[in-house]
Each structure stands twice: as structure tokens, then as C-alpha cells.
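Beneath this line is the structure, given in C-alpha cells, with notes to follow.
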Amino acid sequence: MNRRLDELPSGAHAVVHKIDSADAALHRLMAMGLCVGREVQVVRHGNPLILRLLGARVGISSRVARHVIVEQRA
Amino acid sequence: MSASCCPPATSTARGIRTIALAGNPNSGKTTLFNALTGMRAQTANYPGTTVERRVGRFEDSEIIDLPGLYDLEALSEEERIAARVITAKPDAVIIVADALNLSRSLFLTSQILEHGVPVVMALNMMDLAEEAGLKIDAGKLAQELGCPVIPIVARSGRGLDDLRAAIRRPAVATPATTCGACNDCRFKTRYAWTDAIAGRVMHHQSVTTHKLTERLDHVLTHPVIGVMAFVAVMLGVFFLIFQMATIPMDLIDGLFSQAGAWVAQHLPANDLRELLVQGVIGGVGGMLVFLPQICILFFCLALLEDTGYLARAAFVMDRLMRHVGLPGNSFVPLLSAHACAIPAIMATRVIEDKRDRLMTIMVLPLISCSARIPVYSMLAALLFADSAWKAAVVFTGAYLLGVLAALVVSFALKRTILRGESRPLVLELPSYKLPSLRTAVLMTMDRAWVFIKNAGTVILAISIILWALATYPKSEPPREAVALQEQAAKLTGAEAQELQKQADRLIGRSALENSVAGRVGRWIEPVLQPLGFDWQIGIGIISSFAAREVVVSTLAVVYGVGEDVAEENPDSLYDSLRKAERTDGTKVFTTATCVSLLVFYVLAMQCLATQAVTRRETNSWKWPVFQLLYMTVLAYGAALVTFQVLRAFGVT
């Protein structure tokens, strides 16, 4: 089931399904490794939230996370 | 120019090679830059921008430290500048890659390789990678990329000799492999390429972050505990600033007053001597006295940044700061401004977004800095001589008013001239590590130098100008003073000295009254009257432009207490001020006037050195002018309302 990245609980793994904004903040995230088809983990849910992206920890506003549609992995 | 003999001739006519140092933020770029260039780095801005350009010498080459970046094709000012440097084809580019995050480093690498410049990759943090059980085949990676790959540990210096040797080789083979044209999603294609390479050269692909980092972050990024931890850390920094700075500050103060006394003794009494003692020595001392606080602040910030904590502080404060339209990382400058607005404005460089940074710079001088403390002390004593806790309320009120004004103004700016949302947070939280003392010391020295060069020269110039304004035109000593001097000549011992001192005070007071500063004070009196100020306070306000605390000694002179007495025994100054009367016989420092003056000093922009730094950091005259105008209007309006309301309610 597809959900928004900011809705995932802490610890959830997911695969990026769609990014529905071309905002500069999302470009930055994409350069950091958030791309369609790639894996991402939510380390801490909240606003801002913490992601694990390519082995790095990245803090992002939920305002940004809301534009990332993901498919949660079991 | 350099006379180095060993490396072969280079491509540029000048004989100096240009080497750009590129890499992701937190890849250890600055540590490597310091290790390669030593203490010889120079900081300036890229022409026409506010992005800092650090340049250092390495043998016969010039190394440019590019801003930390993830993507050459992005839209931010830093990334555009970095891209411009690389498209200008430097003689070589050193890419600092994080061994713990090779895939991401390769993303940037692929973009740089496409520009066809000679590249050397410094594969940094090899020690941490080994600890995490990661094996990277540097030789194979070099083959894949078509450029030398040197495994290093910038922090300890491991591999640096190999790196130096690789940089010295002038003609680096232009890489054969690039990721190829990207069609629909440039990120996706590029990352497919980086993943493929990383997969071929690495033995253990998924990296787990440091256990310690995870455990610390559990606490330090917590929405409640994290904020409390941040407040505790900042309190600690402030304790250091205010406690440790007093010793060197007293030392500098003492040294300069001794130097002044020495010059006063050894030069004949003339204007040149006064200029040297009061204008130059006083001015340099008045500027250097801020240096200890600034150094301690930047040393602490450099250490905190190096440990990785500053990113967490920005993270936890982000949600709170958003409400007023400021980003989380504006909180450190806002707190630093309680020491001095100048280093705080310099510290806004951590704020990436131009609009966010401007907004922070605009409101920073509203925060009560330490130069306001002597003014608050004086007014608190005038208001409540008998009660320490009431004086404490005055202080707290003044500080709160400053913070409140900063929040209200940023809220207003967000809806008017700096419209729009602040840039949302996207911030890497690097693994915690032990900070490097060397980096912190270099950073502190760099900032101290920027302060001396920019703020210092302005403070010195202003002190000389204000000295001249308060000295010229000269006037005859008043008749009472001459009479006292004559009387003193007839007497000997303590009595004569006392009379002489009284005469000196009268002369000092009348000289100031008749000087340009005194005349301007009288001239602006009609404007200040609605605030409850008389022309003597006007002189004080003018003299504050060198530094706010100067108002105390100026008032001491205009109310005839004598500067030296006011310094040794502030109570006698407060007594005289309390007794001071207007020409109509009413008291000058009524409660209404004191509160109005307090409000004025909390809100007014009376520090031209801050303006000079605003000019430097915004690269435009528009913003310092705007800052001066809005703060003057705000201070005048608030003091006017305060005085008139208090008077209407019968408070005198």
C-alpha cells in the first residue's frame, strides 16, 4: 500500500514510489540518494523526522516528506 | 611567486596551479584542506556573493576549498558557484569522498568527471570504514573511474603523503568512464551507475551507522529532551563566554589604560596626545576587549560543529523556530547575539537559504548584547536603588523585550519584504566523533581576524571621529573653573588636589557642551523631548554609536561627575544623575524617563560596527540601511509610547 513518507512509523523500511514535487528541497534529497525505486528507512517519526538514506542520517521537515510517496516493506 | 623546483612546469602561464577541493558536506573536506595548506588559508567572499571562498597554498599550487555540495546541477548559490569553478577548468580537482558513504560521493564524482578535468579522489575516513567492516578496493575503484584514488584519514594524516604525490603529478589522465547521458531522471540513472561501481569495489555494502550515534541521537533528537539538552549546552557555552572572557578582557582593558597613561605621561599636553590616548588607544582597546568573547564563542561553536552536535541542535529547534518563520539553525546566532551581535551575524553562515539568513541578520541586533549591560545596570540603579530584586526585574524585562522584539519583527518581515516560507529542513546528521582541536583553533583565528579587519577598523574609525566631535571646537574654560584653579594654586596638599579635580570636571563638562557633539545634542533635543530625554542624554545617545556602554561615561562627563570617578565608584555617578535637574528645576531621571531610555536602548541600532558586518555579510548597503532605519523607528516609537503612557498615568 502506498503511503506518504511522513506517515510511516519509526523504524519502518520503504521503497520510494513517486516524488510529486520539483522543489529545491526535494532535489537536495534526491542528490542525497532518495530516488524512485530506492530504499529508505524512517529512523524517527515526527516533524522534523529522521531518515536513513544510503547509510547517512538525514533530518527533514514533514513538509518535504509529504511529497514522497512510498511503499512500506514488511 | 613560488620558487619551488621539483614539480614539472604546469599548464598555467602564471606558474601557479589551481586546485579545487570538492566534496559532500561532512566528508572531512575542511580537515583535509587544513592538513594540506597549514595555517596559510585566506578567507574572502566570491565576488558579488556572500559565499565564503577559502584559498590556501600547497607548494606551488593554490587550493580552493569549494562549498560542501551534493549535486553540481542544483540551484542553490553555493552549488552554482562550485559548478562555475569546475567548469572554469582548474588544473586539478581533488574530490574528497566519504568511504562510509561511497555511493553518494560517487554521485558528485560522476558529475565532476563529466567536465573533463583532471581528478584525484581522496577516499577519506578509511579508519571508520575499516571499523565498520567495510573493505574498499581503491585500485579497482581507480580503474573504474580512470583517476587516481588515494585512501586517506585526513584527521590523523594517514595517506596524505601519497595524496600529495598524486597531486604533484601534473597531467592526470582524463577519465574514461562517465555515467552517460541521463534521460528521464538524472538522479536515478546516476545512482544506478554509482551503485554498480560501489558494488564492484566494496565488500560489504550496507553500512550500519555508529552504535554510539544511534544511542546519542535517541536522546539528543528527542522533541522534548533534545530541546532541554540544547538549552543546557548553550547555557554551558554562555557560562564559558561570560566567565572565562572576563580575565583576558580585564587584562586587555588594563593594558590599554596603562598604555594610555604612559603616552599621557611622555607626550606634551596637546591635541595629538589626546587623539592618541582617547581616540586611538581607547578605540583599539575598545575593539580588542570584545575579542575574548568572540574567540570563545567561535571555538565552542567549531567544537560543537565538529562533533556533529550542531546539526542536532538545528534539528530539534527547527519545529519551534518555524512558527516565526526562522529555520532551526538560526537559533545559534540568536543565542550568540546575547554576547555580541557581530559574531552572531558572522555565525549566520550556517544558514543556507539567503532569505532565512537575511531575516536572521535583520533581527539579531535587537537581542540584548553584553555592551548593553552597563546601560541596563545604570538605569536599574536609577529606577530602584534600594532593591536588588527589582533591579533584576528590570534586567529580565529588558532581555525579554529584546527577544520579543526579534520574534515580532521576524514575523512581520515574513509577511512583508521577506515574504515566503523559510526553506524546509533537509539536513544530514553526521556520525558523532571527537572534535579536532586544530580545526577549532584555525576556525577561531580565522573569525577573530575577520572581526578585527571588518568590525575593528570601523570601531577604531568611529572612536576617532567621535573623539573629534566631542573635542572640537574648543572653548574657553568656564569662569568658575578658573576661579577654582586660582584658589587651588594658593593651597597645598589634599585640599588643592580636590579643588583642582573640581575645576577639571567643570572644564570637561563645558568643553563637551560646546563641542560639535554637544551642539548636535542641543539641536536634536526637540526630537528627543517627547521621549523624556534632555540634550545631555542626546549627547550620550550620539556617543553610543562607538559602543553602547560609552553612554555611561559620557553621562558622567556631561553631568559633571568626572569619568574617573564614575569608573571607580558608580554609586557616585548614580547619585549625581538622580540629583540632576532640568533648567525648570524638575528632575531629569524620573521613572518615566528611565523606563523610556531603557526601552530605547533595548531596541535602538546604536552600533556602527554591527552595521559594517551586516554590510559585509549581505554584500549590500541596502540591508544595513534598512536595519538602522527600522530599528530607529521602532526604538523611537516604543520609547515615545512608553514615556507618554507613563506620564498620562501620572508616573514621574
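The values are calculated or read from the model by the stated rules, or taken from the named source; none is laboratory data. Since the model is a prediction, treat every value here as computed from it, not as a measurement. Cβ: placed from backbone, ideal geometry, glycine included. Neighbour counts: every protein chain shown. Just so you know, the surface numbers come from the protein's heavy atoms only, side chains and all, with ligands and any DNA or RNA stripped out. Shrake-Rupley method; radii C 1.70, N 1.55, O 1.52, S 1.80 Å.
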Practice problem: Lys and Arg at +1, Asp and Glu at -1: add these up for the other residues within a Cβ distance under 14 Å of residue A:43 and post the number. | Solution: +1
Quiz item: Near the amide H of residue B:120, under 5 Å away, which other amide H atoms are found, from residues 5 or more places off or on another chain, if H is placed in the peptide plane?
Solution: B:93, B:94, B:95
Quiz prompt | Residue range of chain B that is longest and free of trypsin sites (Lys or Arg not before Pro) which are both DSSP loop and sparsely packed (at most 15 other C-beta within 10 Å) | solution = B:136-418
Quiz item: In percent, what relative contact order does segment B:478-520 have, based on Cα pairs under 8 Å that are 6 or more apart in sequence?
Solution: 39 percent
Quiz item: What's the FRET efficiency of residue B:16 with residue B:489 using the Cβ-Cβ distance as r and R₀ = 56 Å, to the nearest 0.05?
Solution: 0.20
Exercise. Just grab the label-to-label distance for residue B:225 and residue B:354, each label 7 Å out from Cα along the Cβ direction, in nm (one decimal).
Key: 4.2 nm
Exercise. Please label the shape of segment A:2-73 as rounded, prolate or oblate, based on the square roots a ≥ b ≥ c of the eigenvalues of the alpha-carbon gyration tensor (a/c under 1.5 means rounded; beyond that, a/b larger than b/c means prolate, else oblate).
Key: rounded
Quiz prompt | A/B buried area, accessible surface, summed, 1.4 Å probe, Å² | solution = 2800 Å²
Quiz prompt | Relative contact order of chain B, pairs being alpha-carbon contacts under 8 Å that are 6 or more residues apart, as % | solution = 10 percent
Quiz item: With axes computed from alpha carbons, what is the tilt in degrees of helix B:457-471 against the longest principal axis of chain B, rounded to the nearest 10 within 0 to 90?
Solution: 10 degrees
Quiz prompt | Cα-projected label distance for residue B:264 with residue B:651, points at 7 Å along beta-carbon direction, nm | solution = 3.9 nm
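Excluding residue B:152 itself, what net charge comes from residues whose Cβ is under 13 Å from its Cβ, given Lys and Arg +1 and Asp and Glu -1?
Numbers: positive: B:29, B:155, B:158, B:164; negative: B:98, B:127, B:130, B:161, B:162.
Local charge sum for residue B:152: -1.
Rounded to the nearest 0.05, what FRET efficiency is calculated for residue A:4 and residue B:257 with R0 set to 51 Å and r the Cβ-Cβ distance?
The calculated FRET efficiency here is 0.20.
If you roll a 1.4 Å probe over the heavy atoms of the protein chains, what accessible area per residue do you get for segment B:17-201, in Å²? Walk me through the numbers before you get to the answer.
On the way: 6660 Å² over 185 residues.
Value for segment B:17-201: 36 Å² per residue.
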Exercise. May I ask you to evaluate 6.51 cos²θ - 1.76 cosθ + 1.60, the Karplus curve with θ = phi - 60°, for each residue of segment B:290-305 and list the ³J(HN,Hα) values in order in whole Hz, giving x for glycine and proline?
Key: 7, 4, x, 4, 5, 5, 4, 4, 6, 5, 4, 5, 5, 5, 5, 5
Practice problem: Calculate the mean, over all residues of peptide B:321-333, of how many other protein chain Cβ atoms lie within 10 angstrom of the residue's Cβ. | Solution: 1
Quiz item: Using a ≥ b ≥ c from the Cα gyration tensor of chain B (square roots of the eigenvalues), is it rounded, prolate or oblate, where a/c under 1.5 gives rounded and otherwise the larger of a/b and b/c decides, a/b for prolate?
Solution: prolate
Quiz prompt | residue B:320 versus residue B:415: modelled label distance in nm, points set 7 Å from Cα along the beta carbon direction | solution = 2.4 nm
Self-check item: Solvent exposure of segment A:2-73 as accessible area per residue, Å², 1.4 Å probe
Solution: 37 Å²
Practice problem: With the Cα gyration tensor of the protein assembly as shown in hand, convert its eigenvalues to equivalent ellipsoid semi-axes via √(5λ) and list them largest first in whole Å. | Solution: 57, 30, 20
Exercise. Provide a whole-number value for the mean count of partner chain Cβ atoms within 10 Å of the Cβ atoms in peptide A:44-52.
Key: 5
Exercise. Classify segment B:529-652 as rounded, prolate or oblate from the Cα gyration tensor: take a ≥ b ≥ c as the square roots of its eigenvalues, call it rounded if a/c is under 1.5, otherwise prolate when a/b beats b/c and oblate if not.
Key: oblate
Exercise. Post the alpha-carbon centroid distance, segment B:322-397 to segment B:276-301, in whole angstrom.
Key: 19 Å
Quiz item: Taking Cα pairs under 8 Å and at least six residues apart, what relative contact order does segment A:2-73 come out at, in percent?
Solution: 47 percent
Practice problem: Any chance you could give the angle, 0 to 90 degrees and rounded to 10, that helix B:102-113 forms with the longest Cα principal axis of chain B? | Solution: 90 degrees
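On full extension of the chain, what length is gained from residue B:387 through residue B:501, given 0.36 nm per residue of separation minus the C-alpha to C-alpha distance? All intermediate terms of the calculation are to be shown ahead of the outcome.
Working: separation 114, 0.36 × 114 = 41.04 nm, distance 3.22 nm.
My answer for the length gained is 37.8 nm.
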Quiz item: Can you give the extra length, in nm with one decimal, that the chain gains between residue B:396 and residue B:246 once fully stretched, where that is 0.36 nm per residue apart less the Cα-Cα distance?
Solution: 51.8 nm
Practice problem: With a cut-off of at most 11 other beta carbons within 10 Å, and DSSP calling the residue loop, which chymotrypsin sites (Phe, Trp or Tyr not before Pro) in segment B:560-652 qualify? Please list them. | Solution: B:621, B:649
Quiz item: Efficiency by 1/(1 + (r/R0)^6): what FRET value for residue B:569 and residue A:72, r their Cβ-Cβ distance, R0 = 56 Å, to the nearest 0.05?
Solution: 0.15
Self-check item: 15 Å beta-carbon shell around residue B:219, net charge (K/R +1, D/E -1)
Solution: +3
Practice problem: Work out the mean other chain Cβ neighbour count within 10 Å for the residues of A:58-66 and drop it here as an integer. | Solution: 6
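Carbon and sulfur atoms: what percent of the 1.4 Å accessible area of segment B:60-127 do they account for?
52 percent
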Quiz item: If one takes the longest principal axis of the Cα atoms in chain B, at what angle in degrees, from 0 to 90 and to the nearest 10, does the Cα axis of helix B:77-87 lie?
Solution: 50 degrees
